[in-house]
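Student: Can you read through this structure? Questions will come right after.
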Amino acid sequence: MPRRYTAEEREARARPGYHDLTAGGGLPPARSALTLRLVLATFGLVVCGVASALFVVFGGPDVLAAILAFLAAVALVDIIVVARRKLRGEPG
């Protein structure tokens, strides 16, 4: 017959870190790496934007230029999202 837990025991088991081996001390909980994401998105924006512009100026394949421009736009949106999260005060 399975053990029946009280409401307090169920609540304690549902808390974050119940199955975490480091919950008793040691490592802090994981955090989002917003700064790393911001740096990588900025790098992607610069690389894709410059590459797209070079393909347009020097007559490269239009499809490749369009794909790179789209990826640059995605990176720009990601930069905006991450910057808003950092301004709200989220750690990372």
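Student: Restricting the search to the range 39-87, which residues are out of contact with any Leu (no Cβ under 7 Å at 6 or more places or on another chain) and of a type in the set (Phe, Trp, Tyr)?
Tutor: Across the range 39-87, the qualifying residues are Phe43, Phe58, Phe70.
Student: Restrict the check to the range 39-50 and report whether at least one residue is more than 23 Å from the chain's Cα centre (by Cα) and modelled with pLDDT of 75 or more.
Tutor: Kept after step one, since they are more than 23 Å from the chain's Cα centre (by Cα), are these residues of the range 39-50: 50.
Those still in the list that are modelled with pLDDT of 75 or more too: 50.
Yes.
Student: Taking Ala30 as meeting all but one of (1) within 15 Å of the chain's Cα centre (by Cα); (2) modelled with pLDDT of 65 or more, write down the number of the exception.
Tutor: Of everything listed in (1) within 15 Å of the chain's Cα centre (by Cα); (2) modelled with pLDDT of 65 or more, Ala30 misses just condition (2).
Every residue, every condition in (1) without any contact (Cβ under 8 Å) to a residue 24 or more places away in the chain; (2) assigned to a helix (DSSP H, G or I); (3) of a type outside the set (Ser, Thr, Tyr), yes or no:
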residue: Cys48; (1), (2), (3): no, yes, yes
residue: Ala53; (1), (2), (3): yes, yes, yes
residue: Gly60; (1), (2), (3): yes, no, yes
residue: Leu64; (1), (2), (3): yes, yes, yes
residue: Phe70; (1), (2), (3): yes, yes, yes
residue: Ala73; (1), (2), (3): yes, yes, yes
residue: Asp78; (1), (2), (3): no, yes, yes
residue: Val81; (1), (2), (3): yes, yes, yes
residue: Lys86; (1), (2), (3): no, yes, yes
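Student: Criterion first (buried (at least 17 other Cβ atoms within 10 Å of the Cβ) and among the β-branched types (Val, Ile, Thr)) does Val82 satisfy it?
Tutor: Numbers: buried (at least 17 other Cβ atoms within 10 Å of the Cβ): yes; among the β-branched types (Val, Ile, Thr): yes.
The answer is yes for Val82.
Student: Taking Glu90 as meeting all but one of (1) over 30 Å from Arg3 (Cα atoms); (2) out of contact with any Leu (no Cβ under 7 Å at 6 or more places or on another chain); (3) modelled with pLDDT under 85, write down the number of the exception.
Tutor: Among (1) over 30 Å from Arg3 (Cα atoms); (2) out of contact with any Leu (no Cβ under 7 Å at 6 or more places or on another chain); (3) modelled with pLDDT under 85, the lone unmet condition for Glu90 is (2).
The values are calculated or read from the model by the stated rules, or taken from the named source; none is laboratory data. Quick caveat: nothing in here was measured; it's all calculated off a predicted structure. Counting neighbours? That spans all protein chains shown, and the Cβs are built from the backbone with ideal geometry, glycine included.
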